[in-house]
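Here's the structure, in structure tokens; my notes come after.
The values are calculated or read from the model by the stated rules, or taken from the named source; none is laboratory data. No experiment lies behind these values; they were computed from the predicted model shown. Virtual Cβ from ideal backbone geometry, glycine too; neighbours counted across all protein chains shown. For the accessible areas, the whole protein counts, side chains as well, though only heavy atoms, and no ligand, DNA or RNA atoms are used. Shrake-Rupley method; radii C 1.70, N 1.55, O 1.52, S 1.80 Å.
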Amino acid sequence: MKRIYLDHAATTPVDPEVLEAMLPYYVESFGNPSSIHSFGRETRKALDQARATVAKEIGAAEPSEIIFTGSGSESDNMAIKGVALSYREKGDHIITSAIEHHAVFDTCKFLEKQGFKVTYLPVNGEGLVNPADLKQALTDKTILVTIMHANNEVGTIQPIAEIAKILKERKILFHTDAVQTTGSIPVDVHELGVDLLSLAAHKFYGPKGVGVLYARKGIRLTPVIHGGAQERNRRAGTENIAGIVGLAKALELANQKLPETSKSLTELRDYLIDNVLQKFEYVRLNGHRTRRLPGNANFSFEFIEGESLLLNLDLKGIAASSGSACTSGSLEPSHVLLGMGICHEIAHGSLRLTLGKSTTKEEIDYVLEVLPEIVNKLRAMSPLYNN
Amino acid sequence: MKRIYLDHAATTPVDPEVLEAMLPYYVESFGNPSSIHSFGRETRKALDQARATVAKEIGAAEPSEIIFTGSGSESDNMAIKGVALSYREKGDHIITSAIEHHAVFDTCKFLEKQGFKVTYLPVNGEGLVNPADLKQALTDKTILVTIMHANNEVGTIQPIAEIAKILKERKILFHTDAVQTTGSIPVDVHELGVDLLSLAAHKFYGPKGVGVLYARKGIRLTPVIHGGAQERNRRAGTENIAGIVGLAKALELANQKLPETSKSLTELRDYLIDNVLQKFEYVRLNGHRTRRLPGNANFSFEFIEGESLLLNLDLKGIAASSGSACTSGSLEPSHVLLGMGICHEIAHGSLRLTLGKSTTKEEIDYVLEVLPEIVNKLRAMSPLYNN
Amino acid sequence: MYTDKVMDHFQNPRNVGEIENANGVGEVGNAVCGDIMKIYLQVEDNRIVDVKFKTFGCGAAIATSSMVTEMVKGKTLEEALEITNQAVAEALDGLPPQKMHCSNLAADALHKAIQDYRSKLAG
Ligand SMILES: Cc1ncc(COP(=O)(O)O)c(C=O)c1O
Ligand SMILES: Cc1ncc(COP(=O)(O)O)c(C=O)c1O
Ligand code: FES
Ligand code: FES
């Protein structure tokens, strides 16, 4: 059976060109970049180059503002804990949104246990934070605001630049989790106006296990991983050179092709959304109709449960995802959908289809072909469905 | 010029067989193991297998005791901070040694700032911790002891099992940093009697950017990286499948060949040590003569400084390392050598040669051939040398 | 890490050694921090006619010592006193930032040697 991958928000395959760039750094060029001998100088050079590339790609002022980490989650943890612990004498208040990724959300929960105060800003039905709410929430103890660039489930893109303006005036540090946006829509730290930004290679056809935290020059960051002097004393551990080279290469490639990929994905996505909304009764689109990631479509099918939908799609060769509790290992359905005011019942029936650069119209047509059958079958089985 | 790599304690090249095992997990088999569709189940299976392999190789009772991390440093941080934050209500005292790796040392320093009390046990001139000192340092507030299995600079192997016995009686958690020993000497958590153990793939011909923390079942660990439910809620972040598969494969291979590699390395090492001690005046071996890692030789050449020694060796194609301040970017020479009671002047002149599985007798002979010339030249230049 | 010029002076240091009856000797640094430099001067008619050095230290320490001896040979004492650590580093096409403070002491050693010569003269 041909398999159709529509879960690009979860992870992406490594681009063969990226893998090729990484390969020299396993067997042949393997030195520890902290070593002063020729083996070390070789990888040091690769590391410096990768850092310069990433800085340029996201519009950082200096390569030293780029910190390589082990994942998007680590970058988020480092930004939030790093600022919180370093600026505690200035204040103990952090602001975030109700629909952040768990890497931000759970870090905030942890900091609450350590005595920090956290405000979780509400979002509207389309997943948007209201900058006016943020303004109201600010206190003179606020040291950090962390709002994601775009949401991983519903794809809603937040008004980051607008929020940044408010915070710049008040000189409050601003972090954005750009794990979902990097490589998909333009990400430029200068244009966004953020002080800290997280990204992860595996979301844009780079390898898993490597991420970046951008931190504007002059920001103090208590390390999350203490130890050696790597990354200018901000993140200890022998550098994952192959991964870092892969991240830089993947980012370069993604940004090169971004305008055309973004355009064609948006078209395909809209085709999918329009058809689903037309084809089905009792279905809703989650998230904003237009302010959303090019590849993201998220629906709720009433009366059915997400996991059974996924399993049926999988049997037809279609890989998708859900905000359903059962797929996440927790008992609560997605805090994102609940945070957007969607009731439990409907949140349970959500289906996320995320398109990628290899997605074709034929694949979408196949989904549109098999989906009715599956939905009808599950609804026929549902005690909630009385048609 | 032929290059000779004698810095295996810093890092090792990836074994081609290991790389081969990793390759399917970049482009083809790339799913997120948390996804329930077929792409995810594929990598979930690889992840489970790798975990089972690692558990078996280090003698863990259950695969769930294996936590994959992004580096040896992260494993150390997680063990120490994880236990400290989870058991704070039981006590606030931690014991470590004076010659730990910075990933342990700096983590302890950080915890001191957070209000914990840390005892740094002294070591003798050969780098050995005295279990009697440990016994004396224990208080009823001691929640964790962390002593490295073998030191990365001088190779001294600590009496871990003996220490474990003392701690087991008192029910105090015991962590060992086995980053230098795994794959070089037998590492079995059961035989060592430890509760937590750190290791990193790149020290035994696996990839950089992946490590393991072993944590005995039932130990509570506050995460260092908060977020998703990966690694049973102990370490968030999409799993680095290729790296994890590589780690498991590398560990399997290293342990398979361990008895023969260890024997031949020990012979080569002794040949090197005996010849250097015989050939030079004013030279000393740092560390224990026999209780040391098979591949480790560490000398101090009086009257000369480590970096200039390294640079000269590098010009001859030999990659080595030093505990000299200048090579580490700090101003103090190695805290390990100072901690062993070696004076600054002599610590500055240290040279670490670490042999690996590809090291030949010809390579060692070449080192023995060029070393005298270099040492003589530098001594002739030295104001401290009056011969 | 190091420039070609640094590596050249490191590999082929100029003017290594001692001057037996030097009339000016200057020493800076200490073994604790890892750098000791000793400069020997032969001064005639207010002019440095010969200079030699001995150094315990890293690549940067050896290269700066060598470079300073080249820079001062034949110069008057006044001219020699104008040489700064910064000028030595520049003559080597620069040094890594972390080496600027701990190893870039050769001009200090030179100035000390000149002081030593002058105090002996006055003495
Ligand atoms: C004893 C010891 N512990 C911890 C580490 C840290 O490992 P990594 O650099 O992979 O984080 C190393 C190696 O650098 C080591 O030798
Ligand atoms: C918005 C967002 N933030 C953070 C992360 C965490 O990234 P990683 O799993 O690479 O740690 C993800 C993806 O999982 C994400 O979508
Ligand atoms: S519907 Fe069965 S666990 Fe959620
Ligand atoms: S000898 Fe240490 S910096 Fe020069």
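Quick notes
- Residue check, residue B:234 within 14 Å of chain A (Cβ to nearest Cβ), surrounded by fewer than 24 Cβ atoms within 10 Å (Cβ to Cβ), of a type in the set (Lys, Arg) and over 19 Å from the mean Cα position of the chain (by Cα): yes
- Subset of the range B:150-172 (residues that are within 16 Å of ligand 1 (Cβ to nearest atom) and in a loop (DSSP other than H, G, I, E, B)): B:151, B:152, B:153, B:154, B:155, B:158
- Of the residues A:193, A:246, A:228, A:211, the single one that is on the phi > 0 side of the Ramachandran plot and more than 16 Å from ligand 3 (Cβ to nearest atom) is A:193.
- Residue check for residue B:300: in contact (Cβ under 8 Å) with a residue 24 or more places away in the chain, surrounded by 24 or more Cβ atoms within 10 Å (Cβ to Cβ) and more than 26 Å from residue B:15 (Cβ to Cβ): no
- Unique match (being more than 14 Å from chain A (Cβ to nearest Cβ) and touching a residue at least 60 places away in the same chain (Cβ under 8 Å)) among B:172, B:166, B:160, B:219: B:219
- Count of the range B:89-107 residues which are within 23 Å of residue B:165 (Cα to Cα) and either more than 21 Å from the chain's Cα centre (by Cα) or not charged (D, E, K, R) (or both): 11
- Hits in the range B:250-274 - residues which are buried (at least 24 other Cβ atoms within 10 Å of the Cβ) and either within 14 Å of chain A (Cβ to nearest Cβ) or without any contact (Cβ under 8 Å) to a residue 60 or more places away in the chain (or both): B:250
- Selection of the range A:344-381 for residues being exposed (fewer than 13 other Cβ atoms within 10 Å of the Cβ) and at pLDDT below 90 yields only A:344.
- Pair list, Cβ under 8 Å, 6 or more apart: the range C:27-43 residue at the interface with chain B (Cβ under 9 Å from one of its Cβ atoms) and more than 16 Å from ligand 2 (Cβ to nearest atom), other residue open to solvent by 40 Å² or more (accessible area, probe 1.4 Å) and among the polar types (S, T, N, Q): C:36/C:30
- Candidate set: the range A:133-149, residues that are of a type outside the set (A, V, I, L, M) and not in a loop (DSSP other than H, G, I, E, B); chosen: the one surrounded by the most Cβ atoms within 10 Å (Cβ to Cβ): A:146
- Among the candidates A:33, A:16, A:63, residue that is more than 8 Å from chain B (Cβ to nearest Cβ) and either closer than 21 Å to residue A:295 by Cα or open to solvent by 10 Å² or more (accessible area, probe 1.4 Å) (or both): A:63
- Condition met for residue B:243 (assigned to a loop (DSSP other than H, G, I, E, B) and of a type in the set (Gly, Ala, Ser)): no
- A count restricted to the range B:215-226 and to residues that are more than 16 Å from ligand 2 (Cβ to nearest atom) and open to solvent by 10 Å² or more (accessible area, probe 1.4 Å) stands at 7.
- Any chance residue B:206 is open to solvent by 10 Å² or more (accessible area, probe 1.4 Å), touching a residue at least 60 places away in the same chain (Cβ under 8 Å) and under 22 Å from residue B:265 (Cα atoms): no
- Residue B:234 being touching a Pro at 6+ places or on another chain (Cβ under 6 Å), at pLDDT 95 or above, more than 16 Å from ligand 4 (Cβ to nearest atom) and closer than 29 Å to residue B:172 by Cα: yes
- All positions within the range B:12-27 that are assigned to a loop (DSSP other than H, G, I, E, B) and under 12 Å from residue B:249 (Cβ atoms): B:14, B:15
- Within the range B:330-378, tally of residues that are over 16 Å from residue B:283 (Cα atoms), within 11 Å of chain C (Cβ to nearest Cβ) and not acidic (Asp, Glu): 4
- Criterion applied to B:229, B:242 was being facing chain A (nearest Cβ under 8 Å), over 18 Å from residue A:75 (Cβ atoms) and surrounded by fewer than 24 Cβ atoms within 10 Å (Cβ to Cβ), and the one residue passing it is B:229.
- Listing of strands (runs of 3 or more DSSP E) fully contained in the range A:51-132 that carry 2 or more residues being within 16 Å of ligand 3 (Cβ to nearest atom) and touching a Cys at 6+ places or on another chain (Cβ under 7 Å): none
- Qualifying residue in the range C:81-95 (condition: surrounded by fewer than 19 Cβ atoms within 10 Å (Cβ to Cβ) and over 15 Å from the mean Cα position of the chain (by Cα)): yes
- Scanning the range A:70-81 for any residue that is modelled with pLDDT of 95 or more, within 13 Å of chain B (Cβ to nearest Cβ) and surrounded by fewer than 22 Cβ atoms within 10 Å (Cβ to Cβ) turns up nothing.
- In the range A:98-125, residue least open to solvent (accessible area, probe 1.4 Å) [restricted to those that are of a type in the set (Lys, Arg) and more than 23 Å from residue A:341 (Cβ to Cβ)]: A:117
- Restricting the range B:130-157 to residues that are hydrophobic (A, V, I, L, M, F, W, C) and free of Cβ contacts under 8 Å to residues at least 60 places away in the same chain leaves a set whose member that is nearest to residue B:300 (Cα to Cα) is B:148.
- Residue selected from the range B:51-60 under the condition of a type outside the set (S, T, N, Q) and in contact with an Asp or Glu (Cβ under 7 Å, 6 or more places away or on another chain), by the criterion surrounded by the most Cβ atoms within 10 Å (Cβ to Cβ): B:58
- Yes/no for residue B:311 being within 10 Å of another protein chain (Cβ to nearest Cβ), without any contact (Cβ under 8 Å) to a residue 40 or more places away in the chain and either farther than 25 Å from residue B:361 by Cα or open to solvent by 40 Å² or more (accessible area, probe 1.4 Å) (or both): no
- Among the candidates B:338, B:355, B:368, the residue that is out of contact with any Lys or Arg (no Cβ under 8 Å at 6 or more places or on another chain) and away from ligand 3 (no atom under 16 Å from the Cβ) is uniquely B:338.
- So residue A:44, is it part of a loop (DSSP other than H, G, I, E, B) and surrounded by fewer than 22 Cβ atoms within 10 Å (Cβ to Cβ): no
- Checked against the criterion of being away from ligand 2 (no atom under 16 Å from the Cβ) and either without any contact (Cβ under 8 Å) to a residue 12 or more places away in the chain or touching a Lys or Arg at 6+ places or on another chain (Cβ under 7 Å) (or both), the candidates B:117, B:113 yield just one match: B:113.
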